[in-house]
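Visitor: Quick one: structure below, then a few questions.
The values are calculated or read from the model by the stated rules, or taken from the named source; none is laboratory data. Keep in mind that this is a model prediction, so the values were computed, not measured. FYI the Cβ positions are ideal-geometry reconstructions off the backbone, even for glycines, and counts take in every protein chain you see.
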Amino acid sequence: MDFKLTEDQQMLQKMAKNLASEKFKPKAFTWDKTDEYPWENLKTLATHGLIGITLPQEDGGGGGAVFDAVLVIEQIAMVCPHTADLVQLGNFGAIRALSQYGSKELKMRVLPILLKGETTISTAMSEPDAGSAATDLRAKGRIEGDTVVIDGSKIFNTNPQARFFLVWLRFGNDVKSSGAVIVERETPGFLFGKMEKFMSGQSHCMLYFDQCRVPLQNVVLREDGFRKLLTAFNVERAGNATRSLALAQLAFDLAVEHAKVREQFGRPISEFQGIQWKFAEMKMKLDAARLLIYRAVVNAGDGRLSAVETAVAKAFTNEAAFWVANEALQIMGGYGYSTEFPFEYILRRVRGWMIGGGTTEMMKNRIAEGIFDRHFSQRPPKRS
C-alpha cells in the first residue's frame with residue numbers, strides 16, 4: 001500500500017489541475033444556475049485523454065489505474081464540480097461496466113462515441129421500490145427473437161442529458177436473472193418524465209419503458225449479472241467519495257485564507273483558539289478521508305475494489321465532508337451563507353452524496369458484514 005505518486009501520476013495530477021484552472025474555472029459553479037450542460041468541457045476532457053482513463057487500451061481507453069482517475073477527479077472537482085461529474089461519467093459506472101462486460105460489437109458501436117466526448121452514458125438503476133434494496137428490481141426485459149422488450153420505470157436519474165443508458169433489469173423473476181441492457185435515447189417506448197431538481201440544483205427525472213424494444217446485441221449482462229454490476233458500481237462509489245472529499249477540501253482551503261485576513265476584536269480570527277481547533281479537526285478528517293480513498297483504490301490492483309474498503313472510504317468521507325463543509329460555512333459567517341460564495345452549494349452537494357451511490361447507513365451495513373464475515377439480511381425472517 002504505497003501512496004507515493006509515480007512521475008507519470010504527478011504529471012497527470014498537474015495537467016488536470018492546470019486544465020481545470022485554465023479551461024473550467026471561468027464557468028465553475030454557474031452551470032446549475034443557467035440550466036446549461038457543460039458539453040464544451042466534456043469535449044475538452046476527451047481531447048486531453050481524461051475520458052476513458054481506466055478503460056483498457058484495446059477498448060480505446062488509456063489503460064490507467066483507478067487511482068489515476070481518482071487523482072484527476074480530485075483536482076478538477078476542487079475547481080469545477082460539474083466538470084468533475086463528467087470525469088466520473090467518463091471513467092466509472094456505466095462506461096466501465098460496458099467495457100468490462102459488453103460484447104465486442106457493442107463496445108465498438110458505443111465506446112468510440114463516448115471516448116470522443118460527443119455524449120455520455122448514464123446508469124439507470126434505482127426504482128420507486130428498489131433504492132437501497134437494489135435486488136428488488138421490477139423493470140423487466142423479455143427476449144423475443146433478436147429483440148429485448150423492456151417494461152418498467154427508473155427514478156432519480158441524474159444524467160438525463162445522456163444519449164446512452166445502462167438499464168438494470170430482470171430477465172426472469174429472481175435476482176439471479178438480473179442483468180443490464182444499453183438503451184439509446186429516442187428509442188420508441190423510452191420516455192422521460194418531468195425534469196426536477198435536487199437541493200443541489202442537479203437535474204433528475206423519471207425514466208419510463210413501455211414496450212421499449214432494443215436489439216439483443218445491446219445486452220451487456222444477462223444471467224447472474226447483478227453481482228458483476230455491483231462490482232463495477234463499487235468503483236463508482238470511489239468517485240463519489242473523491243468528489244465529496246474535493247469539495248470539502250475546497251471549502252477548507254477558502255476558509256483558511258479567510259481566517260488569515262478576517263479580523264474581529266482587532267485581531268485575525270485565526271488567532272482565536274476556538275477557530276484553530278475547528279481547522280485542526282477539519283484537517284484530521286480530510287487527511288483520514290483521503291487516505292481511506294487512496295487505500296481502497298491502490299489496493300484494487302486490477303480495478304476490483306474491496307467492497308469493505310470502499311464502504312469504509314465512502315461512509316467516512318461522506319460524513320466527514322459534510323461536517324467540514326458545515327464548519328467552513330460557519331467560519332465564513334454571513335459570507336458562507338450567501339449564494340455569492342460556493343460554501344452553501346458545497347454543503348448542499350456533499351449532502352447528496354451521503355444518499356447517492358449507496359447511503360451511509362447501507363455502507364455501514366456492508367462494513368459490519370466484513371467485520372463479522374457474514375451476510376446480514378435486512379428482510380424480515382421467513383415464517384417457518
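Visitor: I want to confirm something. Restricting to region 258-267 and keeping residues that are in a helix (DSSP H, G or I) and either of a type in the set (Gly, Ala, Ser) or touching a Pro at 6+ places or on another chain (Cβ under 9 Å) (or both), which single residue is surrounded by the fewest Cβ atoms within 10 Å (Cβ to Cβ)?
Guide: Here is the first cut: in region 258-267, the residues in a helix (DSSP H, G or I) are 258-261.
When the remaining residues are screened for being either of a type in the set (Gly, Ala, Ser) or touching a Pro at 6+ places or on another chain (Cβ under 9 Å) (or both), the result is 259-261.
Details: ALA259: 20, LYS260: 11, VAL261: 9.
Among those residues, the one meeting the criterion is VAL261.
Visitor: Out of curiosity, is SER177 within 22 Å of the chain's Cα centre (by Cα) and not assigned by TED's automatic domain parsing to the domain that holds GLN100?
Guide: Numbers: within 22 Å of the chain's Cα centre (by Cα): no; not assigned by TED's automatic domain parsing to the domain that holds GLN100: yes.
For SER177, the condition - within 22 Å of the chain's Cα centre (by Cα) and not assigned by TED's automatic domain parsing to the domain that holds GLN100 - is not met.
Visitor: If you check PHE156 against the conditions, is it within 17 Å of GLY356 (Cα to Cα), modelled with pLDDT under 95 and part of a strand (DSSP E or B)? Even if it seems obvious, please write down each step before you answer.
Guide: Values: within 17 Å of GLY356 (Cα to Cα): yes; modelled with pLDDT under 95: yes; part of a strand (DSSP E or B): yes.
Answer is yes for this residue.
Visitor: Further question on the same structure: Is it the case that region 211-221 has a residue that's surrounded by fewer than 22 Cβ atoms within 10 Å (Cβ to Cβ) and either acidic (Asp, Glu) or assigned to a loop (DSSP other than H, G, I, E, B) (or both)?
Guide: Looking through region 211-221, none of the residues is surrounded by fewer than 22 Cβ atoms within 10 Å (Cβ to Cβ) and either acidic (Asp, Glu) or assigned to a loop (DSSP other than H, G, I, E, B) (or both).
Visitor: Name every residue in region 159-186 that is of a type in the set (S, T, N, Q), in contact (Cβ under 8 Å) with a residue 12 or more places away in the chain and within 20 Å of ARG138 (Cα to Cα), in order of residue number. Write out each step before concluding.
Guide: As a first pass, look at region 159-186 and keep what is of a type in the set (S, T, N, Q): 159, 161, 173, 177-178.
Of the ones still in play, those that are also in contact (Cβ under 8 Å) with a residue 12 or more places away in the chain are 159, 161, 177-178.
The answer is SER177, SER178.
Visitor: Looking at PHE165, PHE156, which one is out of contact with any Leu (no Cβ under 9 Å at 6 or more places or on another chain) and not small (Gly, Ala, Ser)? Break it down stepwise before answering.
Guide: Numbers: PHE165 fails: out of contact with any Leu (no Cβ under 9 Å at 6 or more places or on another chain).
Checking each option against the conditions leaves just PHE156.
Visitor: Would you check which residues across region 84-125 are among the small types (Gly, Ala, Ser), assigned to a loop (DSSP other than H, G, I, E, B) and buried (at least 20 other Cβ atoms within 10 Å of the Cβ) and list them? Step through it out loud before you land on a result.
Guide: Keep residues of region 84-125 that are among the small types (Gly, Ala, Ser), which gives 84, 90, 93-94, 97, 99, 102-103, 117, 122, 124.
Then keep just the ones that are assigned to a loop (DSSP other than H, G, I, E, B); that gives 90, 93, 102-103, 117.
Correct list: GLY90, GLY93, GLY102, GLY117.
Visitor: Restricting attention to region 135-146, which residues are touching a residue at least 40 places away in the same chain (Cβ under 8 Å) and surrounded by 15 or more Cβ atoms within 10 Å (Cβ to Cβ)?
Guide: Residues satisfying the conditions are LEU137, ALA139, GLY141.
Visitor: Go through region 222-240 and give me each residue that's surrounded by fewer than 21 Cβ atoms within 10 Å (Cβ to Cβ) and of a type in the set (Lys, Arg).
Guide: Of everything in region 222-240, those that are surrounded by fewer than 21 Cβ atoms within 10 Å (Cβ to Cβ) and of a type in the set (Lys, Arg) turn out to be ARG222, ARG227, LYS228.
Visitor: Which members of region 144-153 meet the condition of being in contact with a Phe, Trp or Tyr (Cβ under 8 Å, 6 or more places away or on another chain) and either on the phi > 0 side of the Ramachandran plot or at pLDDT below 95 (or both)?
Guide: Answer for region 144-153, where residues must be in contact with a Phe, Trp or Tyr (Cβ under 8 Å, 6 or more places away or on another chain) and either on the phi > 0 side of the Ramachandran plot or at pLDDT below 95 (or both): just GLY152.
Visitor: Every residue in region 1-43 that is farther than 21 Å from LEU89 by Cα and in contact with a Phe, Trp or Tyr (Cβ under 7 Å, 6 or more places away or on another chain), please.
Guide: PHE3
Visitor: So LEU55 passes all but one of these: (1) more than 29 Å from ALA139 (Cβ to Cβ); (2) of a type in the set (A, V, I, L, M); (3) touching a Lys or Arg at 6+ places or on another chain (Cβ under 8 Å). Which condition number does it fail?
Guide: Only one criterion is unmet by LEU55, namely (1).
Visitor: Is it the case that region 243-256 has a residue that's of a type outside the set (Lys, Arg), buried (at least 24 other Cβ atoms within 10 Å of the Cβ) and under 30 Å from ASP174 (Cβ atoms)?
Guide: No, region 243-256 contains no residue that is of a type outside the set (Lys, Arg), buried (at least 24 other Cβ atoms within 10 Å of the Cβ) and under 30 Å from ASP174 (Cβ atoms).
Visitor: Which condition number in (1) under 30 Å from VAL308 (Cα atoms); (2) modelled with pLDDT of 95 or more is the one that ARG227 fails?
Guide: It is condition (2) that ARG227 fails.
Visitor: How many residues does region 268-287 contain that are free of Cβ contacts under 8 Å to residues at least 60 places away in the same chain, assigned to a helix (DSSP H, G or I), surrounded by 13 or more Cβ atoms within 10 Å (Cβ to Cβ) and not acidic (Asp, Glu)?
Guide: Adding up the residues that qualify gives 9.
Visitor: Right, here's the next one. Whether any residue in region 124-131 is of a type in the set (Asp, Glu) and touching a Leu at 6+ places or on another chain (Cβ under 8 Å) is what I want to check. Talk me through it step by step, then tell me what you get.
Guide: Here is the first cut: in region 124-131, the ones of a type in the set (Asp, Glu) are 127, 129.
When the remaining residues are screened for being touching a Leu at 6+ places or on another chain (Cβ under 8 Å), the result is 127.
For region 124-131, residues of a type in the set (Asp, Glu) and touching a Leu at 6+ places or on another chain (Cβ under 8 Å): present.
Visitor: Considering only residues that are outside any loop (DSSP other than H, G, I, E, B) and in contact (Cβ under 8 Å) with a residue 24 or more places away in the chain, which ones fall in region 337-360? Let's see the steps before the verdict.
Guide: In the first step, residues of region 337-360 are kept if they are outside any loop (DSSP other than H, G, I, E, B); the result is 337, 343-352, 360.
Residues satisfying the conditions are PHE343, TYR345, ILE346, LEU347, ARG348, ARG349, VAL350, ARG351, GLY352, THR360.
Visitor: Now for a different question. Of all the residues that make up region 284-310, how many are at pLDDT 95 or above and closer than 16 Å to GLY93 by Cα?
Guide: The qualifying residues number 1.
Visitor: Inspect region 254-267 for any residue being touching a residue at least 40 places away in the same chain (Cβ under 8 Å) and under 27 Å from the mean Cα position of the chain (by Cα) and give the result as yes or no. Step through it out loud before you land on a result.
Guide: Of region 254-267, the ones touching a residue at least 40 places away in the same chain (Cβ under 8 Å) are 254-255, 258-259.
Pick out the ones that are also under 27 Å from the mean Cα position of the chain (by Cα) and you get 254-255.
Among the residues of region 254-267, at least one is touching a residue at least 40 places away in the same chain (Cβ under 8 Å) and under 27 Å from the mean Cα position of the chain (by Cα), which makes the answer yes.
Visitor: Tell me, yes or no, whether region 366-377 has at least one residue that is under 25 Å from VAL235 (Cβ atoms), of a type in the set (Lys, Arg) and outside any loop (DSSP other than H, G, I, E, B).
Guide: Yes, region 366-377 has at least one match.
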